[in-house]
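Each remark here refers to the structure printed beneath this line.
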(Lines give C-alpha, C1' and ligand atoms only; values in the text may rest on other atoms or scores of the structure.)
Protein backbone atom coordinates (compact mmCIF):
# COMPACT_ATOMS: atom_id res chain seq x y z
CA UNK A 1 0.00 0.00 0.00
CA UNK A 2 1.20 3.50 -0.76
CA UNK A 3 1.88 5.61 2.33
CA UNK A 4 0.74 9.22 2.51
CA UNK A 5 1.23 11.91 5.10
CA UNK A 6 -0.21 15.45 5.16
CA UNK A 7 2.07 18.38 4.41
CA UNK A 8 3.16 20.57 7.30
CA UNK A 9 5.92 23.06 7.92
CA UNK A 10 7.60 20.63 10.30
CA UNK A 11 7.47 17.79 7.78
CA UNK A 12 8.77 20.06 5.04
CA UNK A 13 11.78 21.15 7.08
CA UNK A 14 12.24 17.78 8.75
CA UNK A 15 13.99 19.39 11.68
CA UNK A 16 16.39 21.07 9.28
CA UNK A 17 18.19 23.03 11.96
CA UNK A 18 19.20 19.82 13.71
CA UNK A 19 20.58 18.12 10.62
CA UNK A 20 22.42 20.88 8.81
CA UNK A 21 26.00 19.72 8.44
CA UNK A 22 28.87 21.96 7.39
CA UNK A 23 32.26 20.62 6.40
CA UNK A 24 35.36 22.72 5.83
CA UNK A 25 39.03 21.82 5.52
CA UNK A 26 42.20 23.85 5.25
CA UNK A 27 42.80 22.76 1.68
CA UNK A 28 39.11 23.01 0.84
CA UNK A 29 37.20 25.88 2.41
CA UNK A 30 40.13 28.22 3.00
CA UNK A 31 41.10 28.03 -0.67
CA UNK A 32 37.52 28.53 -1.83
CA UNK A 33 35.82 31.79 -2.79
CA UNK A 34 33.71 33.16 0.03
CA UNK A 35 30.49 32.67 -1.97
CA UNK A 36 31.11 28.90 -1.96
CA UNK A 37 32.11 28.55 1.69
CA UNK A 38 29.78 27.80 4.62
CA UNK A 39 27.57 30.85 5.10
CA UNK A 40 28.22 32.08 1.57
CA UNK A 41 25.79 32.78 -1.23
CA UNK A 42 25.45 29.16 -2.36
CA UNK A 43 24.91 27.90 1.18
CA UNK A 44 22.24 30.53 1.79
CA UNK A 45 20.32 29.60 -1.36
CA UNK A 46 20.14 25.92 -0.38
CA UNK A 47 18.97 26.84 3.13
CA UNK A 48 16.33 29.23 1.77
CA UNK A 49 14.92 26.63 -0.60
CA UNK A 50 14.81 24.01 2.15
CA UNK A 51 13.04 26.43 4.50
CA UNK A 52 10.48 27.14 1.77
CA UNK A 53 9.81 23.41 1.31
CA UNK A 54 11.50 23.39 -2.09
CA UNK A 55 14.45 21.14 -1.28
CA UNK A 56 14.84 17.95 0.73
CA UNK A 57 18.15 16.15 0.43
CA UNK A 58 21.89 16.73 0.64
CA UNK A 59 24.50 18.77 -1.20
CA UNK A 60 28.28 18.79 -1.30
CA UNK A 61 30.82 21.14 -2.83
CA UNK A 62 34.31 19.67 -3.10
CA UNK A 63 37.55 21.18 -4.36
CA UNK A 64 40.36 18.91 -5.48
CA UNK A 65 38.86 16.05 -3.52
CA UNK A 66 38.33 17.96 -0.26
CA UNK A 67 34.91 18.89 1.10
CA UNK A 68 34.24 22.62 1.17
CA UNK A 69 30.55 22.52 2.06
CA UNK A 70 28.17 19.72 3.02
CA UNK A 71 24.52 20.30 3.92
CA UNK A 72 21.48 18.09 4.49
CA UNK A 73 17.84 19.04 4.94
CA UNK A 74 14.44 17.45 5.29
CA UNK A 75 13.23 13.99 6.28
CA UNK A 76 14.61 10.73 4.99
CA UNK A 77 11.57 8.97 6.45
CA UNK A 78 8.41 10.97 7.14
CA UNK A 79 6.77 8.21 9.17
CA UNK A 80 9.59 8.16 11.74
CA UNK A 81 10.81 11.78 11.32
CA UNK A 82 14.28 10.42 10.55
CA UNK A 83 16.21 13.30 8.93
CA UNK A 84 18.37 13.29 5.85
CA UNK A 85 22.03 13.37 6.82
CA UNK A 86 25.33 13.84 5.05
CA UNK A 87 25.72 10.04 4.86
CA UNK A 88 22.15 9.27 3.75
CA UNK A 89 21.99 7.13 0.62
CA UNK A 90 19.82 8.57 -2.15
CA UNK A 91 18.38 7.03 -5.30
CA UNK A 92 20.45 8.41 -8.19
CA UNK A 93 17.96 7.74 -11.00
CA UNK A 94 19.77 8.26 -14.34
CA UNK A 95 23.04 9.33 -12.74
CA UNK A 96 23.59 5.55 -12.68
CA UNK A 97 24.45 5.72 -16.38
CA UNK A 98 27.86 7.18 -15.50
CA UNK A 99 28.83 3.92 -13.78
CA UNK A 100 27.71 1.85 -16.76
CA UNK A 101 29.69 4.04 -19.15
CA UNK A 102 32.82 3.62 -17.03
CA UNK A 103 32.33 -0.16 -17.00
CA UNK A 104 32.07 -0.22 -20.81
CA UNK A 105 35.14 2.01 -21.17
CA UNK A 106 37.15 -0.30 -18.91
CA UNK A 107 36.39 -3.21 -21.21
CA UNK A 108 37.32 -1.11 -24.25
CA UNK A 109 40.57 -0.06 -22.55
CA UNK A 110 41.41 -3.74 -21.97
CA UNK A 111 40.66 -4.53 -25.64
CA UNK A 112 37.82 -6.87 -24.68
CA UNK A 113 35.35 -4.74 -26.60
CA UNK A 114 35.33 -2.19 -29.42
CA UNK A 115 33.13 0.89 -29.62
CA UNK A 116 32.12 0.07 -33.19
CA UNK A 117 31.09 -3.50 -32.36
CA UNK A 118 27.45 -4.27 -33.20
CA UNK A 119 25.50 -5.07 -30.06
CA UNK A 120 24.37 -8.36 -31.60
CA UNK A 121 27.88 -9.73 -31.14
CA UNK A 122 27.23 -9.86 -27.40
CA UNK A 123 23.47 -10.04 -26.84
CA UNK A 124 21.35 -12.67 -28.56
CA UNK A 125 17.68 -12.58 -29.50
CA UNK A 126 17.47 -8.93 -30.53
CA UNK A 127 15.65 -7.74 -33.63
CA UNK A 128 18.05 -8.50 -36.54
CA UNK A 129 18.28 -4.84 -37.52
CA UNK A 130 19.15 -3.86 -33.94
CA UNK A 131 21.72 -6.63 -33.65
CA UNK A 132 23.45 -5.72 -36.91
CA UNK A 133 23.32 -1.91 -37.03
CA UNK A 134 23.32 -0.61 -33.45
CA UNK A 135 26.83 -0.30 -32.03
CA UNK A 136 28.23 0.21 -28.55
CA UNK A 137 29.03 3.81 -29.53
CA UNK A 138 25.41 4.42 -30.56
CA UNK A 139 24.13 3.15 -27.22
CA UNK A 140 26.61 5.22 -25.21
CA UNK A 141 25.65 8.43 -27.02
CA UNK A 142 21.87 7.84 -27.18
CA UNK A 143 22.02 7.84 -30.98
CA UNK A 144 20.87 4.25 -31.51
CA UNK A 145 17.16 4.93 -31.97
CA UNK A 146 16.63 1.82 -29.83
CA UNK A 147 14.12 1.83 -27.01
CA UNK A 148 10.59 2.65 -26.05
CA UNK A 149 8.70 5.86 -25.55
CA UNK A 150 7.48 6.40 -21.96
CA UNK A 151 5.58 3.34 -20.77
CA UNK A 152 2.57 5.18 -19.44
CA UNK A 153 0.71 8.37 -20.11
CA UNK A 154 -0.84 10.81 -17.65
CA UNK A 155 -2.88 9.02 -15.01
CA UNK A 156 -1.62 5.57 -16.01
CA UNK A 157 0.61 3.38 -13.88
CA UNK A 158 3.07 0.63 -14.82
CA UNK A 159 2.26 -2.99 -13.95
CA UNK A 160 3.48 -4.48 -10.66
CA UNK A 161 7.26 -4.94 -10.67
CA UNK A 162 8.88 -8.40 -10.82
CA UNK A 163 10.25 -9.71 -7.52
CA UNK A 164 13.86 -10.90 -7.37
CA UNK A 165 17.18 -9.78 -8.85
CA UNK A 166 17.31 -12.39 -11.62
CA UNK A 167 13.60 -12.06 -12.34
CA UNK A 168 13.91 -8.28 -12.69
CA UNK A 169 16.86 -8.61 -15.07
CA UNK A 170 15.29 -11.30 -17.22
CA UNK A 171 11.96 -9.47 -17.46
CA UNK A 172 13.74 -6.39 -18.80
CA UNK A 173 15.85 -8.41 -21.23
CA UNK A 174 12.76 -10.19 -22.53
CA UNK A 175 11.19 -6.81 -23.18
CA UNK A 176 14.30 -5.49 -24.96
CA UNK A 177 14.41 -8.54 -27.21
CA UNK A 178 10.83 -7.82 -28.24
CA UNK A 179 11.50 -4.25 -29.35
CA UNK A 180 11.47 -3.47 -33.09
CA UNK A 181 14.22 -1.95 -35.20
CA UNK A 182 15.11 1.71 -34.61
CA UNK A 183 12.81 4.21 -36.27
CA UNK A 184 15.78 6.22 -37.55
CA UNK A 185 19.23 5.29 -38.82
CA UNK A 186 21.57 4.69 -35.88
CA UNK A 187 23.94 7.60 -35.51
CA UNK A 188 21.74 10.10 -37.33
CA UNK A 189 19.95 11.58 -34.29
CA UNK A 190 20.20 11.90 -30.53
CA UNK A 191 17.28 10.48 -28.56
CA UNK A 192 17.66 9.63 -24.91
CA UNK A 193 17.11 5.93 -24.21
CA UNK A 194 17.02 4.12 -20.88
CA UNK A 195 16.59 0.86 -22.77
CA UNK A 196 19.81 1.52 -24.65
CA UNK A 197 21.78 1.82 -21.42
CA UNK A 198 20.21 -1.29 -19.97
CA UNK A 199 21.37 -3.07 -23.12
CA UNK A 200 24.89 -1.77 -22.43
CA UNK A 201 24.69 -3.46 -19.04
CA UNK A 202 23.92 -6.72 -20.82
CA UNK A 203 27.01 -6.15 -22.98
CA UNK A 204 29.12 -5.63 -19.85
CA UNK A 205 27.79 -8.86 -18.37
CA UNK A 206 28.40 -10.83 -21.57
CA UNK A 207 31.93 -9.56 -22.17
CA UNK A 208 33.09 -9.78 -18.54
CA UNK A 209 31.37 -13.08 -17.77
CA UNK A 210 30.08 -11.45 -14.58
CA UNK A 211 26.62 -10.24 -13.64
CA UNK A 212 26.31 -6.49 -14.22
CA UNK A 213 25.73 -5.63 -10.55
CA UNK A 214 28.76 -7.66 -9.49
CA UNK A 215 30.97 -6.15 -12.18
CA UNK A 216 30.32 -2.52 -11.24
CA UNK A 217 30.67 -3.35 -7.53
CA UNK A 218 34.09 -4.96 -8.11
CA UNK A 219 35.48 -2.70 -10.84
CA UNK A 220 33.84 0.70 -10.30
CA UNK A 221 32.59 1.10 -6.73
CA UNK A 222 35.36 -0.75 -4.88
CA UNK A 223 38.46 0.76 -6.57
CA UNK A 224 36.96 4.26 -6.30
CA UNK A 225 36.25 3.63 -2.58
CA UNK A 226 32.54 4.23 -3.00
CA UNK A 227 31.70 2.46 0.25
CA UNK A 228 28.07 3.57 0.40
CA UNK A 229 27.18 3.09 -3.27
CA UNK A 230 25.33 0.13 -4.70
CA UNK A 231 22.06 -1.37 -5.86
CA UNK A 232 19.75 -2.01 -2.91
CA UNK A 233 16.59 -4.04 -3.22
CA UNK A 234 13.28 -2.35 -2.60
CA UNK A 235 13.08 -4.17 0.74
CA UNK A 236 16.29 -2.46 1.84
CA UNK A 237 14.93 0.91 0.73
CA UNK A 238 11.81 0.34 2.82
CA UNK A 239 13.41 -1.11 5.95
CA UNK A 240 17.00 0.13 6.27
CA UNK A 241 17.56 3.56 7.82
CA UNK A 242 20.65 4.18 5.71
CA UNK A 243 18.47 4.94 2.67
CA UNK A 244 16.15 7.87 2.08
CA UNK A 245 12.57 7.05 1.17
CA UNK A 246 11.26 8.70 -1.99
CA UNK A 247 8.36 11.16 -1.71
CA UNK A 248 6.04 12.73 -4.26
CA UNK A 249 3.54 15.46 -3.30
CA UNK A 250 -0.02 14.48 -4.22
CA UNK A 251 -3.31 16.02 -3.13
CA UNK A 252 -1.83 17.92 -0.21
CA UNK A 253 0.15 14.96 1.15
CA UNK A 254 3.44 13.22 0.49
CA UNK A 255 3.18 9.79 -1.14
CA UNK A 256 5.96 7.30 -0.41
CA UNK A 257 6.92 6.08 -3.88
CA UNK A 258 8.94 3.16 -2.50
CA UNK A 259 5.84 1.72 -0.81
CA UNK A 260 4.16 0.95 -4.15
CA UNK A 261 4.20 -2.61 -5.52
CA UNK A 262 5.04 -1.00 -8.87
CA UNK A 263 8.37 0.30 -7.61
CA UNK A 264 11.24 -1.66 -9.16
CA UNK A 265 12.76 -4.49 -7.12
CA UNK A 266 16.33 -3.40 -7.91
CA UNK A 267 17.94 -0.80 -10.14
CA UNK A 268 19.96 -1.58 -13.22
CA UNK A 269 22.42 -0.18 -15.77
CA UNK A 270 20.13 2.71 -16.71
CA UNK A 271 18.91 3.92 -13.31
CA UNK A 272 18.45 3.02 -9.66
CA UNK A 273 21.88 2.90 -8.03
CA UNK A 274 22.05 4.67 -4.67
CA UNK A 275 24.87 6.74 -3.22
CA UNK A 276 25.87 9.57 -0.90
CA UNK A 277 27.16 13.05 -1.63
CA UNK A 278 30.58 12.05 -0.27
CA UNK A 279 30.84 8.96 -2.47
CA UNK A 280 29.90 10.90 -5.58
CA UNK A 281 32.54 13.53 -4.85
CA UNK A 282 35.02 10.64 -4.55
CA UNK A 283 33.77 9.23 -7.86
CA UNK A 284 34.48 12.57 -9.54
CA UNK A 285 38.04 12.52 -8.23
CA UNK A 286 38.61 8.87 -9.10
CA UNK A 287 37.45 9.43 -12.66
CA UNK A 288 39.17 12.72 -13.46
CA UNK A 289 42.21 13.03 -11.19
CA UNK A 290 43.39 9.75 -9.75
CA UNK A 291 43.39 7.42 -12.79
CA UNK A 292 41.82 4.84 -10.50
CA UNK A 293 39.02 3.78 -12.82
CA UNK A 294 40.40 4.54 -16.28
CA UNK A 295 43.65 5.60 -17.89
CA UNK A 296 43.60 9.35 -18.62
CA UNK A 297 42.92 8.91 -22.33
CA UNK A 298 39.91 6.71 -21.65
CA UNK A 299 38.60 8.95 -18.87
CA UNK A 300 38.73 11.81 -21.37
CA UNK A 301 36.98 9.60 -23.93
CA UNK A 302 34.07 9.05 -21.56
CA UNK A 303 33.71 12.64 -20.36
CA UNK A 304 34.25 14.58 -23.60
CA UNK A 305 31.51 15.70 -26.05
CA UNK A 306 30.40 13.30 -28.78
CA UNK A 307 27.06 14.68 -29.99
CA UNK A 308 25.08 17.88 -29.58
CA UNK A 309 22.49 17.73 -26.82
CA UNK A 310 18.92 18.75 -27.65
CA UNK A 311 18.24 22.45 -27.02
CA UNK A 312 16.80 23.33 -23.61
CA UNK A 313 13.02 23.36 -23.23
CA UNK A 314 11.64 26.93 -23.19
CA UNK A 315 9.51 26.20 -20.12
CA UNK A 316 12.43 24.64 -18.22
CA UNK A 317 15.78 25.82 -19.57
CA UNK A 318 17.82 23.97 -16.96
CA UNK A 319 21.12 25.07 -15.44
CA UNK A 320 23.11 27.65 -17.44
CA UNK A 321 25.38 26.53 -20.25
CA UNK A 322 26.79 28.10 -23.38
CA UNK A 323 26.92 24.81 -25.26
CA UNK A 324 25.51 21.36 -24.41
CA UNK A 325 26.66 17.93 -25.53
CA UNK A 326 26.46 14.27 -24.59
CA UNK A 327 29.55 12.12 -24.15
CA UNK A 328 29.61 8.47 -23.10
CA UNK A 329 27.11 8.30 -20.24
CA UNK A 330 28.01 11.86 -19.29
CA UNK A 331 26.37 15.16 -20.07
CA UNK A 332 28.94 17.72 -21.18
CA UNK A 333 28.66 21.51 -21.14
CA UNK A 334 30.77 24.58 -21.72
CA UNK A 335 30.09 27.66 -19.61
CA UNK A 336 32.29 30.77 -19.75
CA UNK A 337 34.97 28.75 -21.48
CA UNK A 338 35.04 26.10 -18.74
CA UNK A 339 34.19 22.44 -19.17
CA UNK A 340 31.53 20.71 -17.08
CA UNK A 341 30.70 17.02 -17.17
CA UNK A 342 28.46 14.78 -15.07
CA UNK A 343 24.85 13.66 -15.20
CA UNK A 344 21.44 14.42 -13.81
CA UNK A 345 18.62 12.12 -12.80
CA UNK A 346 14.93 12.46 -12.05
CA UNK A 347 11.80 10.46 -11.48
CA UNK A 348 8.97 10.18 -8.97
CA UNK A 349 10.45 11.07 -5.60
CA UNK A 350 14.01 11.81 -6.71
CA UNK A 351 16.05 14.50 -8.45
CA UNK A 352 19.84 14.38 -8.65
CA UNK A 353 22.83 16.00 -10.29
CA UNK A 354 26.62 15.73 -10.37
CA UNK A 355 28.66 18.49 -11.99
CA UNK A 356 32.43 18.11 -12.34
CA UNK A 357 34.56 21.10 -13.37
CA UNK A 358 37.81 19.41 -14.50
CA UNK A 359 39.61 22.65 -15.38
CA UNK A 360 38.96 24.10 -11.93
CA UNK A 361 39.05 21.06 -9.63
CA UNK A 362 35.49 21.48 -8.36
CA UNK A 363 32.62 19.03 -8.01
CA UNK A 364 29.03 19.80 -6.98
CA UNK A 365 26.66 17.04 -5.87
CA UNK A 366 22.94 17.63 -5.30
CA UNK A 367 20.71 14.71 -4.23
CA UNK A 368 17.02 15.00 -3.36
CA UNK A 369 14.48 12.44 -2.18
CA UNK A 370 11.68 14.60 -3.59
CA UNK A 371 10.97 15.43 -7.19
CA UNK A 372 12.29 18.91 -6.43
CA UNK A 373 13.42 21.50 -8.95
CA UNK A 374 17.13 21.56 -8.14
CA UNK A 375 18.09 23.59 -11.22
CA UNK A 376 18.45 26.85 -9.22
CA UNK A 377 20.92 25.13 -6.87
CA UNK A 378 22.88 23.51 -9.69
CA UNK A 379 22.76 26.70 -11.71
CA UNK A 380 24.10 28.93 -8.95
CA UNK A 381 26.98 26.53 -8.32
CA UNK A 382 27.86 26.68 -12.01
CA UNK A 383 27.78 30.46 -12.04
CA UNK A 384 29.90 30.83 -8.90
CA UNK A 385 32.47 28.16 -9.77
CA UNK A 386 33.05 29.49 -13.30
CA UNK A 387 32.96 33.20 -12.34
- From the residues in region 273-294 that are more than 27 Å from residue 190 (Cβ to Cβ) and more than 18 Å from the chain's Cα centre (by Cα), which one is modelled with the highest pLDDT? 292
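Using the structure shown, decide if residue 286 is part of a helix (DSSP H, G or I) and under 18 Å from residue 90 (Cα atoms). Let's see the steps before the verdict.
Working: part of a helix (DSSP H, G or I): yes; under 18 Å from residue 90 (Cα atoms): no.
No; evaluated as a whole, the condition is false for this residue.
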- Message: Looking at region 302-315, can you tell me whether even one residue there is in contact with a helix residue (DSSP H, G or I) (Cβ under 7 Å, 6 or more places away or on another chain) and at pLDDT below 95?
- Response: no
- Note on the structure: Across (1) over 27 Å from residue 227 (Cβ atoms); (2) modelled with pLDDT under 95; (3) more than 25 Å from the chain's Cα centre (by Cα), residue 111 clears everything bar (2)
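Among the strands (runs of 3 or more DSSP E) contained in region 330-383, which hold 2 or more residues that are touching a helix residue (DSSP H, G or I) at 6+ places or on another chain (Cβ under 7 Å), closer than 16 Å to residue 59 by Cα and assigned by TED's automatic domain parsing to the domain that holds residue 31? Outline the logic, then answer.
On the way: elements: 331-335, 338-347, 350-357, 362-368.
Passing ranges, in order: 338-347, 350-357, 362-368.
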- Set 363, 309: member being more than 20 Å from residue 274 (Cα to Cα) and in contact (Cβ under 8 Å) with a residue 40 or more places away in the chain: 309
- Query: Can you find even one residue in region 181-192 that is assigned by TED's automatic domain parsing to the domain that holds residue 106 and within 23 Å of residue 262 (Cβ to Cβ)?
  - Reply: yes
- Determine, yes or no, whether residue 239 is surrounded by fewer than 20 Cβ atoms within 10 Å (Cβ to Cβ), touching a helix residue (DSSP H, G or I) at 6+ places or on another chain (Cβ under 7 Å) and not assigned by TED's automatic domain parsing to the domain that holds residue 163. no
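This table checks each residue for (1) in a strand (DSSP E or B); (2) in contact with a helix residue (DSSP H, G or I) (Cβ under 8 Å, 6 or more places away or on another chain); (3) modelled with pLDDT of 95 or more; (4) buried (at least 20 other Cβ atoms within 10 Å of the Cβ).
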{"position": "42", "(1), (2), (3), (4)": "no, yes, yes, yes"}
{"position": "50", "(1), (2), (3), (4)": "no, yes, yes, yes"}
{"position": "60", "(1), (2), (3), (4)": "yes, yes, yes, yes"}
{"position": "86", "(1), (2), (3), (4)": "no, yes, yes, no"}
{"position": "99", "(1), (2), (3), (4)": "no, yes, yes, yes"}
{"position": "102", "(1), (2), (3), (4)": "no, yes, yes, yes"}
- Starting from residues that are touching a residue at least 60 places away in the same chain (Cβ under 8 Å) and in a loop (DSSP other than H, G, I, E, B), keep the ones in region 135-146 and report whichever is nearest to residue 327 (Cα to Cα). 141
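The values are calculated or read from the model by the stated rules, or taken from the named source; none is laboratory data. Everything numeric in this text was worked out from a predicted model, so none of it was measured. Counting neighbours? That spans all protein chains shown, and the Cβs are built from the backbone with ideal geometry, glycine included.
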